[in-house]
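Here the structure comes first, spelled out in structure tokens, and everything after it is commentary.
The values are calculated or read from the model by the stated rules, or taken from the named source; none is laboratory data. In this text, all values refer to a predicted model and were calculated from it rather than measured experimentally. In this analysis, Cβ positions are derived from the backbone assuming ideal geometry, glycine residues included, and neighbour counts consider all displayed protein chains. Areas reflect the complete protein model, heavy atoms only, side chains present, ligands, DNA and RNA absent. Shrake-Rupley method; radii C 1.70, N 1.55, O 1.52, S 1.80 Å.
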Amino acid sequence: MLFAPSLDPMADPITDALPPSPGPTILARLRAETRPYHDALELNEFNQALAAGTPSAAATRWFLGKMYGFLVPYEEALRQHAAALGPAWEVPERQRAYLILSDLHLPADQLPQCPALPPLASLPQLLGAMYVLEGSTLGGQVLARQLAKAGLDLGRYFTGYGALTGPRWKTFCRLLGAAVTPATEADIVASAGLTFQTLTAWLNQP
């Protein structure tokens, strides 16, 4: 997503360097079980144009508009869970939808809104969705460079957290590993898969 072609968020060397955590298998399970959904998400016009080396302003703006419509309700759910997560998760800093408005120079009411996200009522459901959206920041770094090379000034959102992108992803992985329990692991993985599928359906919707 922002998923750069052939880039799996969990294949990043940052993840490989993570210290042991109480739940070290959750990352490997997420990577393995969501890979088909991750791959399906890549088959949209925007990613295909990037893979072909022919990114366009129109396709990029379309993709950003769609992402905004998905991120707004997701980030609202994230804020609702902020107290339960605690300050270590840096919830305020993980709000990125506003960057899309800067890229597109459009008011929010002119962008489409995703009518239904996967359930995000429980903390495990939210953590599964966070895996998808936070992982996308790594691919976004690659996409920002591709867009800049093509002369497209539409990379603010894709730049993610800038120099903090890697450290913030590492922090997320560490916190996720510490938070997962045998009782919640399956729900986290299921939510991540459903998030990928819901986002794919949203991107494919006219």
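Take D153 and decide whether it is open to solvent by 20 Å² or more (accessible area, probe 1.4 Å) and farther than 21 Å from F46 by Cα. No: the conditions fail for D153.
Considering each of T54, T60 in turn, give the residue that is surrounded by fewer than 21 Cβ atoms within 10 Å (Cβ to Cβ), under 20 Å from Q141 (Cα atoms) and β-branched (V, I, T). None of the others qualify; the one that does is T54.
Annotation: F172 fulfils all but one of (1) touching a Ser or Thr at 6+ places or on another chain (Cβ under 6 Å); (2) part of a helix (DSSP H, G or I); the unmet one is (1). Within the range 100-143, being over 14 Å from the mean Cα position of the chain (by Cα) and assigned to a helix (DSSP H, G or I) holds for L101, S102, D103, L104, A108, D109, Q110, L123, P124, Q125.
A Cβ distance below 8 Å, combined with a sequence gap of six or more or placement on separate chains, defines the contacts here; from the range 70-94, residues that are over 11 Å from L175 (Cβ atoms) and in contact (Cβ under 8 Å) with a residue 24 or more places away in the chain reach residues that are basic (K, R) and in a helix (DSSP H, G or I) in the pairs L78/R94; E93/R168; R94/R168. Scanning the range 67-107 for residues that are closer than 25 Å to L154 by Cα and among the small types (G, A, S) gives G69, A97, S102.
For the range 121-149, the tally of residues that are in contact (Cβ under 8 Å) with a residue 40 or more places away in the chain, touching a Ser or Thr at 6+ places or on another chain (Cβ under 8 Å) and among the hydrophobic types (A, V, I, L, M, F, W, C) stands at 8. For the range 183-206, a tally of residues being assigned to a helix (DSSP H, G or I) and open to solvent by 50 Å² or more (accessible area, probe 1.4 Å) returns 7.
Flag not set for E33, criterion: assigned to a helix (DSSP H, G or I) and open to solvent by less than 20 Å² (accessible area, probe 1.4 Å). Of everything in the range 83-123, what is open to solvent by less than 60 Å² (accessible area, probe 1.4 Å) and on the phi > 0 side of the Ramachandran plot? Give them in sequence order. Result: G86, E90.
Quick check, is L127 over 19 Å from A190 (Cβ atoms) and either open to solvent by less than 20 Å² (accessible area, probe 1.4 Å) or at pLDDT below 95 (or both)? No, not satisfied.
Yes/no matrix, rows are residues, columns are (1) more than 30 Å from A179 (Cβ to Cβ); (2) at pLDDT 95 or above; (3) charged (D, E, K, R):
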{"site": "E45", "(1), (2), (3)": "yes, no, yes"}
{"site": "A52", "(1), (2), (3)": "yes, no, no"}
{"site": "A57", "(1), (2), (3)": "yes, yes, no"}
{"site": "G69", "(1), (2), (3)": "no, yes, no"}
{"site": "A82", "(1), (2), (3)": "no, yes, no"}
